[in-house]
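Here the structure comes first, spelled out in structure tokens, and everything after it is commentary.
The values are calculated or read from the model by the stated rules, or taken from the named source; none is laboratory data. This is a predicted model, so every value here is computed, not measured. Methodologically, a virtual Cβ is constructed for each residue, glycine included, from the backbone with ideal geometry; neighbour enumeration extends over all protein chains shown.
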Amino acid sequence: MAFPLAIIGLTLLLVGFVSILIPLKFFRIRTRKMAVLVFFAGLVLSAIAGTMFGDEQARQAGFDNATDHFEAKKLGLSTPEALAQHRVAQAVARKEAAAMAEQHRVEQAVAQKEAAEIAERTAVKSAGFSSMEEYKTALAGGFSTKASFDAHLRSEAFFRIPAKQQAFVDAVEKARQNYDAAENDLAKGRTRNARKQAVCGLLKSRTVEGWVGHITNLSSNEDGKGVLEITLSDHATVKTWNNAFSDIAYNTLIDPASSISQKLTSLKEKDRVRFSGTFFQSDVDCVHEASMTLDGSMSQPEYIIRFSGIETP
């Protein structure tokens, strides 16, 4: 079957090729398009015949197909058994190579991990830390040395807000929120009295110690006395009066010769400080609040205080 098919294929190839050059009308090939079709038909038949010849030769040699036979000849093998053994050997070799590659990858990963751990331990020691946990905690906070981290911890401990101050700020904030939510002026007015009751319940004594805040005004009046304002939260401040007339009955303005004034000369606005002082009794707000309007008092209360001490770390 393969031989006749090969003869037909070669014939079509020859006829098609010649017809491309010189139309063979007696074969009824009148156009080059037809000639090309005949030529390609010959190619296909020749290829099929070649495959059949190859398969037949492979079977005679004991192989299942021409592909295996060709591969064996290329490798210099003469039997299917030898080809099968070669393929098994190749599969084993690939498996061993993959295993070696995986082992190498694992060894590299272990080596990299050990190198990283050594580098971390070195960094911990160089930075002055005693443990990896402390070092990582410091780094998370932006501190690369133990000295800077310890200074940060001391500062945080120094500026820890006292419970009484936090309760005071919470009462002021709650009153502000209730004021904003009130339906009418009568309801708004009641929120001020409610705040008074809450503040009086907290401040059994008008003297406070160790409260914390940020300086928002540090200046002096026309007499050269110090004017100081410290924020306790986004909506509440404590402050001195800023003029001698308002301060007549309070004496909150800071004497230039006092130790507080001396301390304040090295500070600036936005600095965080710890302070002590005394509020003033008020029948309206429990402790005196300086706003001129109800809205100002409830939205941004300003409590008058006589400072007795200012501290920094």
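Every residue, every condition in (1) modelled with pLDDT of 90 or more; (2) within 19 Å of residue 288 (Cβ to Cβ); (3) out of contact with any Leu (no Cβ under 8 Å at 6 or more places or on another chain); (4) assigned to a helix (DSSP H, G or I), yes or no:
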residue: 150; (1), (2), (3), (4): no, no, yes, yes
residue: 168; (1), (2), (3), (4): yes, yes, no, yes
residue: 171; (1), (2), (3), (4): yes, yes, no, yes
residue: 177; (1), (2), (3), (4): yes, no, yes, yes
residue: 194; (1), (2), (3), (4): yes, yes, yes, yes
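Can you confirm whether the stretch 99-119 contains a residue that is part of a helix (DSSP H, G or I), modelled with pLDDT of 85 or more and surrounded by 13 or more Cβ atoms within 10 Å (Cβ to Cβ)? No, the stretch 99-119 contains no residue that is part of a helix (DSSP H, G or I), modelled with pLDDT of 85 or more and surrounded by 13 or more Cβ atoms within 10 Å (Cβ to Cβ). In the set (1) of a type outside the set (D, E, K, R); (2) under 32 Å from the mean Cα position of the chain (by Cα); (3) surrounded by 13 or more Cβ atoms within 10 Å (Cβ to Cβ), the condition left unmet by residue 130 is number (3).
Would it be correct to say that residue 195 is crowded, with 16+ Cβ neighbours inside 10 Å, within 15 Å of residue 169 (Cβ to Cβ) and of a type in the set (Lys, Arg)? Judged against the criteria, residue 195 is a match.
The combined condition, being among the aromatic types (Phe, Trp, Tyr) and within 19 Å of residue 202 (Cα to Cα), is not fulfilled by residue 307.
Can you confirm whether residue 122 is at pLDDT below 95 and within 26 Å of the chain's Cα centre (by Cα)? Taking the combined requirement at face value, the residue does not satisfy it.
Taking the listed residues 235, 288, the one that is closer than 29 Å to residue 175 by Cα, of a type outside the set (Gly, Ala, Ser) and in contact (Cβ under 8 Å) with a residue 60 or more places away in the chain is 235, with no other qualifying. Annotation: residue 208 fulfils all but one of (1) more than 37 Å from the chain's Cα centre (by Cα); (2) assigned to a helix (DSSP H, G or I); (3) crowded, with 17+ Cβ neighbours inside 10 Å; the unmet one is (2). Among the residues of the stretch 279-313, the ones that are hydroxyl-bearing (Ser, Thr, Tyr) and buried (at least 16 other Cβ atoms within 10 Å of the Cβ) come to 3 in all. The set of residues in the stretch 247-278 that are among the β-branched types (Val, Ile, Thr), under 15 Å from residue 310 (Cα atoms) and loosely packed, with under 12 Cβ neighbours inside 10 Å contains only 265.
A single member of 287, 238 is under 18 Å from residue 199 (Cα atoms) and in contact with a Cys (Cβ under 9 Å, 6 or more places away or on another chain), and it is 287. Evaluating residue 142 against the criteria (1) outside any helix (DSSP H, G or I); (2) surrounded by 12 or more Cβ atoms within 10 Å (Cβ to Cβ); (3) under 25 Å from the mean Cα position of the chain (by Cα) leaves one unmet condition, (2).
Just to be sure, is residue 225 surrounded by fewer than 17 Cβ atoms within 10 Å (Cβ to Cβ), in contact with a strand residue (DSSP E or B) (Cβ under 8 Å, 6 or more places away or on another chain), at pLDDT 95 or above and charged (D, E, K, R)?
When the stated conditions are applied, residue 225 does not pass them.
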